[in-house]
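Just so it is clear, none of the values below were taken in a lab; they were calculated from the coordinates. Source: prediction; values computed, not measured. Glycine gets a Cβ as well: all are built from the backbone with ideal geometry, and neighbour counts include every protein chain shown.
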Amino acid sequence: MNRETDAGWVDFILSKMGLMLFAVFILIAVAGIYPSFSERREAIALENLASGVASKITEVAKSSISGNPYNLTMADSAGRNYTLEISSGYVTAKDAQRRAAVGLVVKIYPLPVNRTLGDEKSLRGHLTSKYGGDGTKNGTIDLSSRENVRALFDALAKEASASPYTVNQSRPLTIEKMEINYEDGEPDTYVIVYQ
């Protein structure tokens, strides 16, 4: 063989090796990028979930209608392994690796599970037994008890801040704007959350 033919083969082999190395680098880059897209997609899903619940809470709080509960179903949870927690100031969605927290623009009062104040009806029953009225327009509470009722709601908020309410995803989450009426006619308004 002559020198020109040998040089042609060397160039051919080097260019093929260069193309193969380039293809390997491209495959490595694509394989490294895909997991980061997948992780980001999961993080966005958690952020959307927390933001969606926070938006519904704000919507109910800004509504002019009290005593009309909104039932939020967790349809988005199908096939996902995450936890949704609600405190008096935040909605947090988290899984094993990620956490997304959204601040609430209103203060809410998650009612504790497995206690006598577990829903709106039991809360009103408690108010009746303790203060002689359930806080509805027909069952007003004496004005002298206003600070005690506020202290009750503050205690609920404090408890929810220390130990956030964990949402049972198989049941709807009830968000309700609740008015507590006093004999002076000026109600206190609270947004309660329960299941």
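Counted as membrane-span-like here are DSSP H helices of the chain whose alpha-carbon atoms extend 27 Å or more along the helix's own axis and whose Kyte-Doolittle mean is -1.0 or above; these are 3-62.
Calculate I(q)/I(0) for the chain by the Debye formula, one identical point scatterer on each C-alpha and no solvent, and give its log10 at q = 0.08, 0.14, 0.15, 0.18 Å⁻¹ to two decimals. Each listed q maps to, in turn, -0.41, -0.83, -0.91, -1.17. What pairs in Lys62/Lys137; Lys62/Lys94; Lys130/Lys177 have C-alpha atoms more than 23 Å from each other? As for pairs spanning more than 23 Å Cα to Cα, those are Lys62/Lys94. What you get for region 5-194, charging only the Cβ of Lys and Arg (+1) and of Asp and Glu (-1), is a dipole of about 260 debye around the Cα centre. Can you pull out the GluC sites (Glu not before Pro) in region 96-195 whose DSSP state is coil and whose Cβ has at most 13 other Cβ atoms within 10 Å? Answer by residue number: Glu183. Rounded to 0.05, the FRET efficiency of the Asp119 and Phe37 pair, given R0 = 35 Å and the Cβ-Cβ distance, is 0.25.
Loop-located trypsin sites (Lys or Arg not before Pro) in region 88-132 (DSSP state not H, G, I, E or B) with no more than 16 neighbouring Cβ atoms inside 10 Å: Arg98, Lys107, Arg115. Only DSSP H runs of four or more residues enter the estimate; each adds -39500 (n - 2.57), and after division by the residues of the chain the mean residue ellipticity at 222 nm equals -16500 deg cm²/dmol.
Spin-label model, Lys62 to Asp142: label points 7 Å out along the Cα-to-beta-carbon direction sit 4.0 nm apart. Across the chain, the relative contact order, built from alpha-carbon pairs under 8 Å that are at least six residues apart, equals 24 percent.
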